[in-house]
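Engineer: Provided herewith is a single structure, encoded as structure tokens, for subsequent inquiry.
The values are calculated or read from the model by the stated rules, or taken from the named source; none is laboratory data. These figures come from a predicted structure and were not determined experimentally. As a convention, Cβ positions derive from the backbone with ideal geometry for all residues, glycine included, and neighbour counts pool all protein chains shown. Ligands, DNA and RNA are stripped out before the accessible areas are found, and what is left, the full protein with its side chains, is counted by its heavy atoms. Shrake-Rupley method; radii C 1.70, N 1.55, O 1.52, S 1.80 Å.
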Amino acid sequence: MEEESDTRKINNSFLRDHNYATEADIISTVEFNSTGELLATGDKGGRVVVFQREQESKTQPHRRGEYNVYSTFQSHEPEFDYLKSLEIEEKINKIKWLPQQNAAYFLLSTNDKTVKLWKISERDKRPEGYNLKDEDGRFRDPSTITTLRVPVLQPMDLMVEATARRVFSNAHTYHINSISVNSDLQTFISTDDLRVNLWNLEITDRQGLTHTHTHTHPHTHRCIYTYTLPLIPKHPFHRHIYAHRNPTGLICDFEEPEDPSTRSFFSEIISSISDVKFSHNGRYLMTRDYLTVKVWDLQMENKPLETYQVHDYLRGKLCSLYENDCIFDKFECVWNGSDSVIMTGSYNNFFRMFDRNTKRDVTLEASRENSKPRAILKPRKVCVGGKRRKDEISVDSLDFSKKILHTTWHPHENIIAVAATNNLYIFQDKVN
Amino acid sequence: MEVNIEARRILAVSISKLYASRTQRGGLRLHRSLLLSLVMKSARDIYHSSRESEASSPVLPEPQPEPLSDRNSSETATEESDSKVDDYDFDIVEEKENLSPARQSRKRRGKASAAPDFLPSKRARLEPGEERYDAPLASCRVGAGESLATLSLNQVIPTSPGKQLPSACRFLRIRKEFGITSFLPNMISP
């Protein structure tokens, strides 16, 4: 599919020309809200930046709904666990939006140990005409007050403020990897490697936990790396996935038998699932492991419906990828609104899209050089062996420090947000 | 053989990763540590099975018993929680020593011949309660014509049998308790 690019950076402009990335600016999560009007990003420095889509205006029809910074706030600070002598990173692991119920926006953001509920609200009026304070805010001498007046709300420049409404902490021994809001809008789930905690949004202390579920794998007695998904939590480990559905308590186990011919030292690592996503229609499940994306039918547990190779040319380089730690990278995957296309990231700032109907796939690159505003993204190709054509790039030239781990797709339209280290790229469909 | 070298290399890389992950911010990550230990386990299994297939080769030179003090210090230095890593630590260190036993024995022989008389001779460390027992073999060697001095029998015999094993035997037993004798083809597991 053709894409028009419309780039936004979240760095300050003076950093735009520098090639290095401050570690705190590295984006660690991206998430559209349920209408697609807002896009939230979290970074390693514990900050959340929220973008809002511009209203389409008749005067500038070609500037269709661009995203601009709406709010920035520090969600988490680095902490220290004195009991265990451990530093708790402030990196935002996940952001989940709550469906909108009033004028304010609510989101949940989490680091390794603590989940916070943030309220983002607009203020465009301010009270003026206090009796005891003058316009500067200084207190007036009561003896100088001769008349009383009622303060009046006057319009002011729009101010967006974020306030932490709830802090949910002290419920996870291991690192929180995922949160998920329940459809009843009253509860949410946080999971770490071994435990699923079901919280009530109103109650922040541990008494508010209505359900905690500790898992060990029944067959191998190994612990399970857990993930949660929209409304339904999951626990993927290796090839095994459990879906625990509230409130019916349905547990599913998806497992594909291992192909013994491809066994190597790193079989467990590359079959370990890094992300799980339900399709919007709830009928399919998509899993991402190191080299492939698989689509599963919820009714069929023994083998996936579809398997897509993301970057199979890496299969021969697993040893060096193990040494430079790249083999542990956790790539995310995402569905489009109609569940017809799936997308996931790769190295060299490449990301891949697979059309499930036409079985076509495309590799695109998120880079400053290729992404002038309104330029169409050119498909890229990795040359596997033999002769390299002009536009192709060979496997050895790939930059493994440039990885696209986090991507998200607008719930209804063809707009995608792709995080490449410290830069955020937003691509939209071409308008004719 | 190549698989052997590969397995050892991966093992060494894995151990260094495990150690490095202790000091990283945010503490140990459970899933990553699990994956690392799985890789280590498969590398160890492959190394072990390839070594077993070479076990039919001729007898390898005897291992050099390490002074017990060195082992103790390395034991106490590492934490309990990483006992599995300790085992591999032993193995890797022991490996390096086993790699060139010939060189070490050469070194020893050389020292014996070059050592002047006024320097203290290198003898095995005595455990408390043991006493050095000089060679009683002179009586057996009547008629041989050899001088007693050349018979450097330096036997260490415990005074109370059963109480203390000689250091070399005790070292073997400690290694067995850690469950890693199978990893070392040079050791004869009782």
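Engineer: Take peptide A:279-286, look around each residue's Cβ out to 10 angstrom, count Cβ atoms belonging to other protein chains, and average those counts.
Structural biologist: 0
Engineer: Assuming R0 = 30 Å, what is the FRET efficiency of A:E23 and B:R9, from their Cβ-Cβ distance, to the nearest 0.05?
Structural biologist: 0.50
Engineer: Still on this structure, please answer the following. Rounded to the nearest 100 Å², what is the sum over both chains of accessible area buried where A meets B, with a probe of 1.4 Å?
Structural biologist: Protein heavy atoms only, the A-B interface buries about 2300 Å².
Engineer: Also, I was wondering about something else. Using 25 Å as the Cα-Cα cut-off, could you pick out the over-long pairs in A:K317/A:K402; A:K119/A:K330; A:K91/A:K119; A:K94/A:K277?
Structural biologist: On the way: A:K317/A:K402 17 Å; A:K119/A:K330 29 Å; A:K91/A:K119 19 Å; A:K94/A:K277 14 Å.
Listed pairs above 25 Å: A:K119/A:K330.
Engineer: If packing is taken as the mean number of other Cβ atoms within 10 Å per residue, what is the order of A:141-149, A:182-190, highest first? Numbers along the way, then the final one.
Structural biologist: Working: A:141-149: 7.1, A:182-190: 17.7.
Highest to lowest by the protection proxy: A:182-190, A:141-149.
Engineer: What does the structure give for A:173-184 when I average, per residue, the other chain Cβ atoms found within 10 Å of the residue Cβ? Display every interim value, and only then the final one.
Structural biologist: Values: counts 1, 5, 7, 0, 3, 0, 0, 0, 0, 0, 0, 0.
Average per residue, whole number: 1.
Engineer: Please give the peptides A:277-286, B:45-54 ranked by average Cβ packing (other Cβ atoms within 10 Å per residue), highest first, as a rough proxy for protection.
Structural biologist: Per-residue Cβ counts within 10 Å, averaged per peptide and sorted highest first, yield A:277-286, B:45-54.
Engineer: Taking the highest mean first, how do the peptides A:106-116, A:163-173 order by number of other beta carbon atoms within 10 angstrom per residue?
Structural biologist: Highest to lowest by the protection proxy: A:106-116, A:163-173.
Engineer: Which value, in Å² rounded to 10, gives the accessible area of A:S85 with a 1.4 Å probe and all protein chains present?
Structural biologist: Around 80 Å² of this residue is reachable by solvent.
Engineer: Which of the three applies to the range A:254-406, rounded, prolate or oblate, going by the alpha-carbon gyration tensor with a ≥ b ≥ c and a/c under 1.5 meaning rounded?
Structural biologist: oblate
Engineer: Using DSSP to define loop residues, name the GluC sites (Glu not before Pro) in the range A:261-365 whose beta-carbon has at most 16 other beta-carbon atoms within 10 Å. Write down the numbers at each step before the final one.
Structural biologist: Details: sites: A:E268, A:E301, A:E306, A:E323, A:E332, A:E365; in loops: A:E301, A:E332.
Filter output for the range A:261-365: A:E301.
Engineer: Please compute, for peptide B:21-31, the average count of beta-carbon atoms on other protein chains lying within 10 Å of each residue's beta-carbon.
Structural biologist: Mean partner-chain Cβ count within 10 Å for B:21-31: 6.
Engineer: With the solvent-accessible surface defined on protein heavy atoms using a 1.4 Å probe, which residues belonging to the range A:83-116 display a reduction of at least 10 Å² in accessible area in the multichain context relative to the isolated chain?
Structural biologist: Buried by the other chains: A:L86, A:E87, A:E89, A:E90, A:D112.
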